[in-house]
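The structure appears right after this line, and notes come after that.
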Amino acid sequence: MAIDFETADYAADSAISLGLARCRGGEVVDEFYSLARPPELFVRPDFTRIHGLTVDDLREAPDFAEVWEGGARDFIGDTALVAHNASFDMRVLRATLARYDIPPPDLGYFCSLALARRAWPGLRSHALTALGKEFDIVYDAHNALADARTCASVVFLGVDAISARRGRKKPLSLSGALREAGVYVKRLRVL
């Protein structure tokens, strides 16, 4: 399950949009997207220039607790998460859940940025926008759902690249490719 957040400002608990892309068999098979009204109805203008979201877009949006309990949590289920630069997205998820006194689920997650760096070590940049351009993935950068879809595509391509580099005719499984690349699955909830 690929996940991406956009935020209102630098505060980790200021999630204003969430995109989720469920993957199966090397493709995105279902999606979830929602805006979320931040705790303080404010969006830094420089952040608006990045993701295009304004206070007017968020004024009538549900708060994150409503987004989470109203569908996002059930959509995720107990599937592991992947995010590009996962430390950012997992920090936002943990902080936003904590803001609303919601315990984080016990899920695994890994970072597609780490996978991309190992799959294509010779690339100049492994940013999601650079990878999109490199692999002709046309998408609306900094839209949470489009970023989640693109993250999923990077994982599919990365698994193929790692498999090919090892001379395998049949692609590795995701867990095999992660193991081969030395990318570790971490836990969202520290027990």
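The values are calculated or read from the model by the stated rules, or taken from the named source; none is laboratory data. Keep in mind it's a predicted model, so treat the numbers as computed, not measured. Cβ atoms come from the backbone with ideal geometry, glycine included; neighbour counts cover every protein chain shown. The area values use the complete protein model at the heavy-atom level, side chains included, leaving out ligands, DNA and RNA. Shrake-Rupley method; radii C 1.70, N 1.55, O 1.52, S 1.80 Å.
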- Note on the structure: For the chain, percent of DSSP beta bridges that are antiparallel (nearest 5) comes out at 75 percent
- Please give the solvent-accessible surface of residue 134 in Å², to the nearest 10, using a probe radius of 1.4 Å with every protein chain present. 100 Å²
- Message: Using a 1.4 Å probe on the protein heavy atoms only, what accessible surface does residue 150 show? Give it in Å² to the nearest 10.
- Response: 0 Å²
- Task: Could you state the angle between the C-alpha long axis of helix 144-165 and the longest principal axis of the C-alpha atoms of the chain, as a value from 0 to 90 degrees rounded to the nearest 10?
- Result: 10 degrees
- Sulfur and carbon atoms: percent of accessible area, the chain [1.4 Å]: 50 percent
- What value, in deg cm²/dmol to 500, does the helix sum -39500 (n - 2.57) over DSSP H runs of n ≥ 4 give at 222 nm once divided by the residues of the chain? -11500 deg cm²/dmol
- Message: From the gyration tensor of the Cα coordinates in the stretch 82-191, what semi-axes in whole Å does the equivalent ellipsoid have, largest first, with each one equal to sqrt(5λ)?
- Response: 26, 18, 10
- Normalised by the residues of the chain, what does the relative contact order come to in percent, with Cα pairs under 8 Å and at least six apart? 25 percent
- Query: For the stretch 1-151, what is the Kirkwood estimate of the hydrodynamic radius, computed as the reciprocal of the mean inverse distance between distinct Cα atoms, to one decimal in Å?
  - Reply: 15.7 Å
- Item | Cα centre as origin, Lys/Arg/Asp/Glu Cβ charges: the chain dipole, Debye | 1320 debye
- Can you grab the distance from the C-alpha centre of the stretch 23-49 to the C-alpha centre of the stretch 100-166, Å, no decimals? 16 Å
- Heavy-atom accessible area per residue of the stretch 1-124, all protein chains kept, 1.4 Å probe, expressed in Å², is 47 Å²
